[in-house]
Amino acid sequence: MGATQESFKKLLSRVAFEQEFANTAGKTCQLNNGEPVDVTSTARNGLAKSLLYHLRNLEADAIDDQFDGVRDDLFEILRKQRLLPNCVDVAIDLHQWRFYGGADTDHVLITYPDQGTTRTYCFATICIVAPGTRFTLDVLALKANGFRAKREAVRLLLETAQEYVSIRHVYLDRGFYQVHVVAELEQLDVDYIVRARPSKGMKARLSAGAETVVDEYLMQRKREPTASVAVTVFAVPHRSTEDEHVWFVTNLDLEPEAARAYATAFRRRWGIETSYRQIGDFLPRTSSPTFSVRLFYFLFAVSMYNLWILANVLVSAGAVPEKPPISTRVFREFVSVTDYG
C-alpha cells in the first residue's frame with residue numbers, strides 16, 4: 001500500500017469496527033489526523049477513493065491468499081499453546097450479504113426476498129461448532145444457486161478444514177439437503193447430519209403418536225442428472241411447536257434412543273448463527289458492486305472475528321465460558337490491524 005499504508009490501516013479499522021461506509025470513515029480518519037476536510041462535500045473522499053481503487057484491482061486469489069495467511073498464523077499459535085481440540089464437529093452454512101444493484105452483477109445470486117431485495121452475494125463457510133472455539137476455517141463465494149455449486153463448495157470446504165482439524169461430524173442445514181450434495185458427503189467419507197425437508201414418503205413413516213422415527217431411506221433424483229444415496233432418516237419432536245417434528249438424514253448408525261441426542265448435537269450447530277452476528281460486528285458497509293471489494297471486506301470481517309475468538313481462547317487458557325470475557329466492542333479498542341498489504 002506504499003506511503004499510504006498506515007492511513008489504509010486506520011481506514012480499514014474504522015470501516016470494520018464502526019460498520020461505516022468508506023467515504024464516511026475516510027473523512028473521520030482525516031479529521032482525527034488534523035487534516036483539512038470538507039465534511040459537506042458530496043464528492044468521494046480521497047482516502048476512501050484510494051482504498052476502493054486498490055481493492056477493486058485486487059485479484060480474488062490474492063485476497064484468498066491473504067485470508068489463508070491469517071488463518072495459518074492463528075492455527076500455529078493454537079498448536080504451540082496446545083489449545084486446539086483433538087477432534088471437532090464442524091458446520092457448513094450459507095451467509096447472504098444482500099445487494100441492491102443490478103441482477104447481472106458479477107457473483108450476485110437471486111434468492112428469496114429479504115431486506116427489500118432478492119439479490120445477494122452468498123458465502124459458504126465452514127466453522128468449528130465447539131463452544132468457545134467457533135473459528136471459521138474457510139470461506140467460499142458461490143457463483144450459482146444450484147446443487148453443483150453447493151456440492152463443489154462442500155468438497156472444497158471440507159478438504160481445507162481437514163488440513164487444520166480432525167472432524168468428528170459435519171452438520172449442514174436444509175439449504176444443502178440435495179441428493180447430489182449428500183452423495184458428495186458419502187464420497188468424502190465423513191460422518192454427517194443434514195437437516196431435511198420432509199417428503200410425503202418420510203412423513204408416512206411417522207405412525208400416530210410416535211415421538212421419534214429412525215428408518216432407512218433412499219434419497220433420489222429421477223431427473224437428469226440422476227442420483228441416489230441410501231441414508232438413515234430420523235425425526236424428533238419439535239421443541240416448541242406441538243405435533244411437529246424436525247427431520248434429518250445421516251450416515252451414522254443410529255438407534256432410536258439416540259435420535260434425540262443427535263438432534264440436540266445438531267442444535268449446537270446453531271452457534272454458527274451467533275458467529276454470523278459477531279462476524280457482522282466487523283463487516284463494513286458498502287454499496288460497491290465490485291466483487292473484489294465485497295470479498296475483501298467479508299474475509300477481513302472473518303479474520304477479525306477469528307482473532308477475537310483467539311483472544312478469548314488465550315485469556316481463558318482454552319476454557320472459554322458461555323459469555324466470552326472479551327466482547328467484540330472491547331476487542332476492537334485494542335486490536336492491532338493485520339497487515340493486508
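The values are calculated or read from the model by the stated rules, or taken from the named source; none is laboratory data. All values derive from a computational prediction rather than experimental measurement. Here Cβ is always computed from backbone atoms with ideal geometry, including for glycine, and neighbour counts include all displayed protein chains.
Return a yes/no flag: does region 84-95 have any residue that is outside any loop (DSSP other than H, G, I, E, B) and out of contact with any Ser or Thr (no Cβ under 9 Å at 6 or more places or on another chain).
yes
Hey, can you tell me all the residues within region 117-145 that are farther than 10 Å from His107 by Cα, in contact with a helix residue (DSSP H, G or I) (Cβ under 7 Å, 6 or more places away or on another chain) and small (Gly, Ala, Ser)?
Of everything in region 117-145, those that are farther than 10 Å from His107 by Cα, in contact with a helix residue (DSSP H, G or I) (Cβ under 7 Å, 6 or more places away or on another chain) and small (Gly, Ala, Ser) turn out to be Ala124, Gly132.
Give region 184-210 a look and list any residue that's surrounded by fewer than 18 Cβ atoms within 10 Å (Cβ to Cβ) and small (Gly, Ala, Ser), or say none.
Correct list: Ser199, Gly201, Ala204, Ser207, Ala208, Gly209, Ala210.
Under the condition of being modelled with pLDDT of 90 or more and touching an Asp or Glu at 6+ places or on another chain (Cβ under 9 Å), which residue from region 260-289 is surrounded by the most Cβ atoms within 10 Å (Cβ to Cβ)?
Pro284
Leu52: touching a helix residue (DSSP H, G or I) at 6+ places or on another chain (Cβ under 9 Å), of a type in the set (A, V, I, L, M, F, W, C), surrounded by 14 or more Cβ atoms within 10 Å (Cβ to Cβ) and under 28 Å from Cys29 (Cα atoms), yes or no?
When the stated conditions are applied, Leu52 passes them.
When you go through (1) at negative phi; (2) crowded, with 18+ Cβ neighbours inside 10 Å; (3) in a loop (DSSP other than H, G, I, E, B); (4) out of contact with any Ser or Thr (no Cβ under 8 Å at 6 or more places or on another chain) one by one for Asp104, which number turns out not to apply?
(2)
Please specify each residue of region 76-101 satisfying the condition of being surrounded by fewer than 15 Cβ atoms within 10 Å (Cβ to Cβ) and of a type in the set (Phe, Trp, Tyr).
Tyr100
Is at least one residue of region 166-174 farther than 28 Å from Ala103 by Cβ, in the same structural domain as Leu83 (by TED's automatic domain parsing), buried (at least 17 other Cβ atoms within 10 Å of the Cβ) and among the aromatic types (Phe, Trp, Tyr)?
Yes, region 166-174 contains a residue that is farther than 28 Å from Ala103 by Cβ, in the same structural domain as Leu83 (by TED's automatic domain parsing), buried (at least 17 other Cβ atoms within 10 Å of the Cβ) and among the aromatic types (Phe, Trp, Tyr).
Filter region 139-157 for residues that are under 15 Å from Arg71 (Cα atoms) and touching a residue at least 40 places away in the same chain (Cβ under 8 Å) and give the result.
Within region 139-157, Val139, Leu157 qualify.
Specify the residue that is nearest to the chain's Cα centre (by Cα); the eligible residues are those in region 142-183 that are of a type in the set (Val, Ile, Thr) and outside any helix (DSSP H, G or I).
Ranking the qualifying residues of region 142-183, first place goes to Val170.
For the list (1) buried (at least 20 other Cβ atoms within 10 Å of the Cβ); (2) under 19 Å from the mean Cα position of the chain (by Cα), I need the number of the one condition that Tyr112 fails.
If we test Tyr112 against (1) buried (at least 20 other Cβ atoms within 10 Å of the Cβ); (2) under 19 Å from the mean Cα position of the chain (by Cα), just (1) comes out false.
Starting from region 37-50, keep only residues that are at positive phi, then list their pairs with residues that are among the basic types (Lys, Arg) whose Cβ atoms are within a distance under 6 Å, requiring at least 6 positions of separation or different chains.
Sorted first by the residue in region 37-50, then by its partner, the list stays empty.
Does region 187-209 contain any residue that is closer than 27 Å to Ile128 by Cα and assigned to a helix (DSSP H, G or I)?
Yes - at least one qualifying residue is present in region 187-209.
For the subset of region 290-335 comprising residues that are touching a Lys or Arg at 6+ places or on another chain (Cβ under 9 Å) and not in a helix (DSSP H, G or I), which member is surrounded by the fewest Cβ atoms within 10 Å (Cβ to Cβ)?
Gly318
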